[in-house]
Amino acid sequence: MPSVRAFRASALHYAFGRLLNAALSLSIFVALARWLPAADYAAYVVAVALMEILLVAANLGMDWVTAIEIPKLAQRAPTGVLAGFIRRCVGVQALALVLVAVLLAAVAGVVAPLLGQPLLDGLLGWSAALLCVEGLSRVLRDQVLSSLLLQWASQAAQTLRNLAMLAALALLAVSGGLHVRQVVQAELAASAGSLLLGAALLLRELRRRARQDGPSVPSAPVVAPSLWSLRALAANAWIASLASLLWGGQMIVLIVSRTLGAEGAGLVGFGRNLAEQVRKLMPLEFLFNLVRTFLVTRHDTERDAQRLLARIALFVKANLLFVLPVLLCAVLYGAEIAGLASGGRYREAHWIVVGWLCWVVVWSHHRLAEALAHLLGRSAEIGRSSLALAAMPLAYLMLLPMGGLPALFVLLVLTELAYIAVVIGRSAGALGYPWRALALPKVIGGFLLAWLVALALHEGWPSLPALAGVLLAVMLFAVAMLGLRPLSAHERRWLVGDSA
């Protein structure tokens, strides 16, 4: 198992890099929302949603293969075995990315009119190139480098991409205004730089490991598993990822674009992008690659399913304690927040932002439910549960004209909750998931109490500045949690000590 010192160093690098990249990502989001014309912004969010779906289609479920197998090989295998396994994983995904990109470029003329965005015509060819380059860059950053606990390298590659993108946007805006095709071309150049840096840092690490091999290499040969032997794990992860996209945020953006046009797509896409900035800063999402590696290596060593369940429940609860006050602020001051981020252009996205944040609240539990199933050897349950919900886009299409966007978000959240409950129930089985450890009555009760008090102050003190109101709402939630104590003293010690 990696040393405590290695985990702490990796966590420090990861946290610093994620904070920096979160700030850069937020700056890019604000720049695009303020500087891109409304029609261009709508086309951009639709193109990104389509690209995200195709990126998942091209990864073939290999993200969980690398997350589980690379940490094991990094502990036990000589560098040659580890490097060979990495080459196979990257090669398979690179081939899939090229094929999907070629297919997108070939059918771009057919797909663009179906999505209801005239500006996509001629743009999807560039999106296909971006799909290939950014996809391969993510494989190196998020799968390989992160699984090797090279968080500093992963974050350095991401930082280069974000800095290059932000600089290009500023330069384009100053030189004559932004257009969606220029944005995609800037992303392509930034992703290419990130890919080159990530590859260089990975090669540097493998060479360092090779120099350290020798007497430390175990006498018993360590053989990397063949990708064919891992096909069940990859297939179930792939099916789950594809199916979850069919009922997830990307599909919602595409359906709204097709049904409501550029104005609706711009509002919904802006709300989703704003919620994404919050999601990236949630403790679980913020540290997900590190948490996943931590869970894999600890469970591989301990083989204690009950302790794994307890850790997952604790991570979920800690995550809720962060995201619920953000949701509270969005409910009370969503219009002001959206207006500030967009320069007043998308102020009416208030309740759309709230809807997306409700989805964000349950999304982290979705990720940990899948982690539980994979680590307990029940990955087949993920595939079965996902396929059972694969028809949800049809329900969205029928519901949107009748119930509008609010009904769509309610169905989205209920679908996620149903998926989580089924996957956890089937994976944990007789072990039983520690639902009581989540302390949901205390967490939800504290949220409602803080909301009622903050709402009374909001209505009774209309002159209160929005920033002061946001800080007051967060303080009210914190006071409620201090009084209700959803985290026990044992859990606080465990969360700080064991995770470190």
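The values are calculated or read from the model by the stated rules, or taken from the named source; none is laboratory data. These numbers were taken from a predicted model, which means no experiment stands behind them. As a convention, Cβ positions derive from the backbone with ideal geometry for all residues, glycine included, and neighbour counts pool all protein chains shown. Side chains included, ligands, DNA and RNA excluded: accessible areas come from the protein's heavy atoms. Shrake-Rupley method; radii C 1.70, N 1.55, O 1.52, S 1.80 Å.
Overview of results
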| quantity | calculated |
| --- | --- |
| Correct option for semi-axes √(5λ) of the Cα gyration tensor in Å [calculated from the coordinates] among [x] 34, 30, 22; [y] 80, 34, 20; [z] 52, 32, 18 | [x] |
| Net length gained if the chain between L19 and L196 were fully extended (0.36 nm per residue, minus Cα distance) | 61.5 nm |
| Length-normalised contact order for the chain - Cα pairs under 8 Å, 6+ apart - percent | 20 percent |
| Protein accessible area in the chain, 1.4 Å probe - carbon and sulfur % | 70 percent |
| Span-rule helices in the chain, defined as complete DSSP H runs reaching 24 Å or more along the axis (Cα) with Kyte mean at least 1.6 | 38-59, 79-114, 392-428, 466-484 |
| Two-decimal Rg to Rh for region 18-95 - Kirkwood Rh, Cα set | 1.17 |
| Cα gyration tensor, region 121-239 - rounded (a/c under 1.5), prolate or oblate | oblate |
| Additional length obtainable on full extension of the chain from V98 to V413, 0.36 nm per residue less Cα span | 110.0 nm |
| Value of relative contact order over region 361-459, rounded to a whole percent, pairs C-alpha under 8 Å and six or more apart | 36 percent |
| Whichever aspartates and glutamates have a C-alpha closer than 17 Å to that of K280, once near sequence neighbours (fewer than 8 apart) are set aside | E52, D142 |
| Average accessible area per residue (Å²) across the chain - probe 1.4 Å, nucleic acids and ligands excluded | 42 Å² |
| Partner lysines for K442 [C-alpha distance under 18 Å; skip if fewer than 8 residues away on the same chain] | K317 |
| Shape call, region 84-178: gyration tensor on alpha carbons, a/c limit 1.5 | oblate |
| Packing-based order for 159-172, 476-489, using average beta carbon neighbours within 10 Å, highest first | 159-172, 476-489 |
| Residue-span extension gain [L114 to L482] - 0.36 nm each, minus C-alpha spacing | 127.3 nm |
